[in-house]
Ligand code: NAP
């Protein structure tokens, strides 16, 4: 059996604890041997205060960054410059151009760069892509509504420039959209609602269009209490295909075709191992470009102040 690739994880926050640690434990190709955290330590692995100490003080071959997007560029550059393979949480950075720079740097250094989109790994996404590959799509509706107080309590970075606000979950919908649509989509109008005491939107509405002319309408809202909604409904000339629960379930008309368990992060780490073994990178900026374009075109409206 080949030796697992030793990996260091940076930023022991919500997603690292809930998804990365258990998924890494289930991935034979990778072994967590170090962490870098400003506050936390973890039994059984080397613990460092920051990424620089981790890169210098351990022989890890790969790094997974679970920190907020702002500040991730410097961590990513340090990792690649140190000749280590790199996996990025979504969104892969604070700007499109910084991730393009990382992709070039990784190529020059001959290391793997994997910009992940965990929602693309949801159980029903590939089946939806296959079903839509030769369909005539007439319209798409995205409804991504959740309660920010439940999912992001006390996360200040998410409201700062580069934190994306409601696009932090919204970009997950766009990552699925850009995977399942057979032709490219572009933004032609956007409205952002920004709390008067914050820098990032709490609500957004996007008007997009596919290259073949199908309208794509998206609503992202962080003020939904009660049942949460993560739906993408695609109308085609032969019927409706609906992804619900963030891509975990798939309906054709009223018939449920797929309803499966969440394996998103296990699939991401398996893929990271495969990319490293194959000497390849995977960086698709299409979801992030749509978000950047929405900010470029935004009709920005002030709304009520937000308090956690
Ligand atoms: P979080 O709970 O705030 O954790 C981020 C961690 O990064 C912190 O705990 C901290 O870890 C480290 N960190 C380093 N510099 C920081 C800074 N300036 N401000 C705050 N934290 C800093 O965030 P998260 O929800 O895990 O999100 C991290 C990334 O994962 C984001 O890109 C997010 O979009 C993505 N993500 C989140 C979720 C989710 O449901 N929460 C789901 C999918 C993807 P140390 O104290 O250990 O240094």
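The values are calculated or read from the model by the stated rules, or taken from the named source; none is laboratory data. Bear in mind that the values here come from a model prediction, so they are computed numbers and not experimental data. Cβ: placed from backbone, ideal geometry, glycine included. Neighbour counts: every protein chain shown.
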Filter result for residue 129 (part of a helix (DSSP H, G or I), closer than 30 Å to residue 235 by Cβ and away from the ligand (no atom under 12 Å from the Cβ)): yes
Quick check on the stretch 138-157. Is at least one of its residues near the ligand (Cβ under 9 Å from one of its atoms), on the phi > 0 side of the Ramachandran plot and out of contact with any strand residue (DSSP E or B) (no Cβ under 6 Å at 6 or more places or on another chain)? yes
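Output yes when any residue across the stretch 284-304 is at positive phi and at pLDDT 95 or above, and no when none is.
First pass over the stretch 284-304, keeping only residues at positive phi: none.
Among the residues of the stretch 284-304, not one is at positive phi and at pLDDT 95 or above, which makes the answer no.
Here is a list: 27, 67. Which entry is within 14 Å of the ligand (Cβ to nearest atom), within 21 Å of residue 113 (Cβ to Cβ) and assigned to a loop (DSSP other than H, G, I, E, B)?
67
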Selection from the stretch 109-126 of residues that are in a loop (DSSP other than H, G, I, E, B) and over 15 Å from the mean Cα position of the chain (by Cα): 110, 111, 112, 123, 124
From the residues in the stretch 33-46 that are surrounded by fewer than 16 Cβ atoms within 10 Å (Cβ to Cβ) and at pLDDT 95 or above, which one is nearest to the ligand (Cβ to nearest atom)? 38
Would you be able to tell me the number of residues in the stretch 70-90 that are crowded, with 22+ Cβ neighbours inside 10 Å, free of Cβ contacts under 8 Å to residues at least 60 places away in the same chain and within 12 Å of the ligand (Cβ to nearest atom)? 2
Counted residues, the stretch 252-264 - those being free of Cβ contacts under 8 Å to residues at least 12 places away in the same chain and either under 11 Å from residue 131 (Cβ atoms) or assigned to a loop (DSSP other than H, G, I, E, B) (or both): 1
Sort through 252, 199, 261 and tell me the only one that's out of contact with any strand residue (DSSP E or B) (no Cβ under 8 Å at 6 or more places or on another chain) and at pLDDT 95 or above. 199
Lone qualifier among 156, 207 - being surrounded by fewer than 18 Cβ atoms within 10 Å (Cβ to Cβ) and either under 30 Å from residue 16 (Cβ atoms) or modelled with pLDDT under 95 (or both): 156
If you check residue 261 against the conditions, is it surrounded by 15 or more Cβ atoms within 10 Å (Cβ to Cβ) and closer than 30 Å to residue 23 by Cβ? no
Is it the case that some residue within the stretch 172-188 is within 16 Å of the ligand (Cβ to nearest atom), farther than 25 Å from residue 87 by Cβ and surrounded by fewer than 23 Cβ atoms within 10 Å (Cβ to Cβ)? no
How do the pairs read when you match residues in the stretch 148-160 that are farther than 14 Å from residue 170 by Cα and outside the structural domain of residue 11 (by TED's automatic domain parsing) with residues anywhere that are at pLDDT 95 or above and near the ligand (Cβ under 8 Å from one of its atoms), using Cβ under 7 Å and keeping only pairs 6 or more apart or on different chains? 157/68; 157/70; 160/70
Output the number of residues of the stretch 265-282 satisfying the condition of being crowded, with 17+ Cβ neighbours inside 10 Å and outside any helix (DSSP H, G or I). 1
Take the stretch 1-24 and flag every residue that is part of a strand (DSSP E or B) and either within 16 Å of the ligand (Cβ to nearest atom) or surrounded by 21 or more Cβ atoms within 10 Å (Cβ to Cβ) (or both). 7, 8, 9, 10
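Evaluate the stretch 97-107: report whether one residue or more is more than 22 Å from residue 70 (Cβ to Cβ) and either in a helix (DSSP H, G or I) or touching a helix residue (DSSP H, G or I) at 6+ places or on another chain (Cβ under 7 Å) (or both). Show your work before the answer.
We begin by selecting, within the stretch 97-107, every residue more than 22 Å from residue 70 (Cβ to Cβ); these are 107.
Retained after the next criterion (residues that are either in a helix (DSSP H, G or I) or touching a helix residue (DSSP H, G or I) at 6+ places or on another chain (Cβ under 7 Å) (or both)): 107.
Yes, the stretch 97-107 has at least one match.
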